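Student: One structure coming up, written as structure tokens, with questions to follow.
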Amino acid sequence: MKTTTALLLTAFVAVTTAQGKDCRSPDGKYAVRAEKTITLVDLSTGAQLLVIDNDTQGLVRVEVAWSPDSRKVALAEDAQRGSAVLGAWFDGSAWHKTLQGEDEKAIISQAQRLYGGRLVAENRVFDGWISKDSIRVKGTMHFASGRRCEYEYTLYFLLHAVTHLDRGGYEVGAIVGRDHRLL
């Protein structure tokens, strides 16, 4: 089941064709709002529940994928030369945020060997929720050789694996990419 919405950012203002600046959760209770920051809001009160990203400067696209039960949300942020994957989840009493770590080093090394040269740019998109705790991610890597390759992996929400908060307030270890493969 593919439930994603791309929010296109231009000059700090989020623009989408159908939903304005908000990407609503399936249950209609929450929305991810992209402006100068990316926030999670409660639609019944308008209250800001969580700042997911403090600065959208340099972003060219944000894709939002809510889990079917509205308790998790994944975000793929694309900048000119690369992307990041973030997540947020509701534990029953509060919302939390996380940032995917550097679990793609092996697939990047493999692709650089196969496609000739260093990685110069990449981007990622979501390809649907697989379960309530995992979503498929697809990406494209661009190399100095002018070649490119597609890849995919599964992003897992491992909420029991949180080890600490980083300096940005992200809970480390809560989302992990696994089963990387070149296409």
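The values are calculated or read from the model by the stated rules, or taken from the named source; none is laboratory data. As the structure is a computational prediction, the values presented were derived from the model and not from experiment. Note that we place each Cβ from the backbone using ideal geometry, even for glycine, and neighbour counts take in every protein chain shown.
Student: Which one of the conditions (1) out of contact with any Gly (no Cβ under 6 Å at 6 or more places or on another chain); (2) within 19 Å of E63 (Cβ to Cβ) does L155 fail to meet, given that it meets all the rest?
Tutor: (1)
Student: Here is a further query. Of everything in region 91-106, what is in a helix (DSSP H, G or I) and in contact (Cβ under 8 Å) with a residue 40 or more places away in the chain? Give them in sequence order. Can you show your working first?
Tutor: The first filter runs over region 91-106 and keeps only residues in a helix (DSSP H, G or I), leaving 105-106.
Answer for region 91-106, where residues must be in a helix (DSSP H, G or I) and in contact (Cβ under 8 Å) with a residue 40 or more places away in the chain: just A106.
Student: So D91 passes all but one of these: (1) touching a helix residue (DSSP H, G or I) at 6+ places or on another chain (Cβ under 9 Å); (2) closer than 22 Å to V62 by Cα. Which condition number does it fail?
Tutor: Answer for D91: the failing condition is (2).
Results for (1) more than 30 Å from V51 (Cα to Cα); (2) exposed (fewer than 14 other Cβ atoms within 10 Å of the Cβ), shown as yes or no for each residue.
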site: Q100; (1), (2): no, no
site: D127; (1), (2): no, no
site: I130; (1), (2): no, yes
site: S145; (1), (2): yes, yes
site: Y151; (1), (2): no, no
site: Y156; (1), (2): no, no
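Student: Tell me, which residue of region 149-183 that is at pLDDT 95 or above and among the basic types (K, R) is farthest from L99 (Cα to Cα)?
Tutor: So the residue we want is R181.
Student: Would you confirm, using the coordinates I've provided, whether V51 is touching a strand residue (DSSP E or B) at 6+ places or on another chain (Cβ under 9 Å), crowded, with 20+ Cβ neighbours inside 10 Å and either part of a loop (DSSP other than H, G, I, E, B) or among the β-branched types (V, I, T) (or both)?
Tutor: No; evaluated as a whole, the condition is false for this residue.
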